[in-house]
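S.K.: Here it is, the structure, as structure tokens.
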Amino acid sequence: MSATNAPGAVSTAPSKKPGNAERKDRARQPRSLKRIAVYVLLSLGLLIMSAPFLWMALSAFKTSSELTASPPVWIPTEWTLENFRDLLDKLDLPLYFMNSVIVAVLVTVSNLVFCSMLGYALAKLRFAGRNKIFGLVLGALMVPGNLMLLPLFVLMSKLQLIDSYAGLVLPFAAGAFGVFLMRQFMQSIPDELLEAARMDGAGEWYIFWRIVMPLVKPALATLSIFTFLGSWNNFVWPLIATNDPDKYTLPVALATFATDPNKAGGSNGMLMAGSFLIVLPVLVVFIALQRHFTQGIATAGMK
């Protein structure tokens, strides 16, 4: 009998070690489980955050019986536009919608122009007091916006701009956040590119409009979304700065309508329809610019 077959004999054959592919598979399994867990948590968070919006959007197309049903009905069984028709009959929606569009577009365009100019000056031009001005911009970011409402109202009253588009636009024509964002993004532009343009005889205006601005499109898209969203949803300042109902923006008009029992009459369906119309333009702008928005957020501040 050979030694390898004897009872109690210890095998001297070499043990089989796992190969590289097997080790990679074992290492890949924990990472896959972690990735699945992250996706599950993110999906739950997305569901929780989007639930109120989904409820509002679906409720705008529900009948009165479904809005007051118990237990609540999520998806309408009878889709209807009656809430929108009633809202148009009782509220001059086109006028207020146009007021919001005018104010939001003017505020957004002015921020893109003025914040880009100041951001370019702080990032690429050398002049006395540049760092101090940037320090003031950073300081302005720390001041709560509500703290400025009273001084702004007094200033607009002195200028006789109450109940006017200028009174709604000028206080927000340029923001500290926009200046900071554009300055940080423009710092990533190589100085050699601008110096080469200057050596070729290009002036600062030409460099700014024809070279710098096309290179900062992601930052412009990011600033556009933030500014448009803030101006479109702005409620406190339009409420303070307008006494004439014809100058109301859509959020102010809808809030006034909701608190008037003679108009709203406790109709949650009309309020849901109005809220849906307020949110819809913001979604359209974000979807149109989301690619540039994510790129701008990812690269802002990189040098």
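Nothing in this text is a laboratory measurement; each read-out follows from the coordinates by a stated rule. Note that this is a predicted model, so its numbers are computed, not measured. When we count neighbours, we look across all protein chains shown, and the Cβ atoms used for this are built from the backbone with ideal geometry, even at glycine.
S.K.: Sorted by packing (mean other beta-carbon atoms within 10 Å per residue), highest first, where do 183-190, 125-132 land?
M.R.: Values: 183-190: 18.1, 125-132: 9.0.
Ranking, from highest mean packing down: 183-190, 125-132.
S.K.: Taking the Cα centre of the range 148-280 as the origin and placing charges on Cβ (Lys, Arg +1; Asp, Glu -1), which of G274, F177, L223 is farthest toward the positive end of the dipole?
M.R.: G274
S.K.: Take the Cα coordinates of the range 84-299, assign each an equal point scatterer, and use the Debye formula without solvent to give log10 I(q)/I(0) at q = 0.09, 0.11 Å⁻¹.
M.R.: -0.45, -0.64
S.K.: Among all the aspartates and glutamates, which ones have a C-alpha under 17 Å from K34's C-alpha, if same-chain residues fewer than 8 places away are not counted?
M.R.: D25
S.K.: Output wanted: per-residue J couplings in Hz (rounded whole) for the range 274-284, from phi through Karplus 6.51 cos²θ - 1.76 cosθ + 1.60, θ = phi - 60°, x for Gly and Pro.
M.R.: x, 5, 5, 5, 5, 6, 4, x, 5, 5, 5
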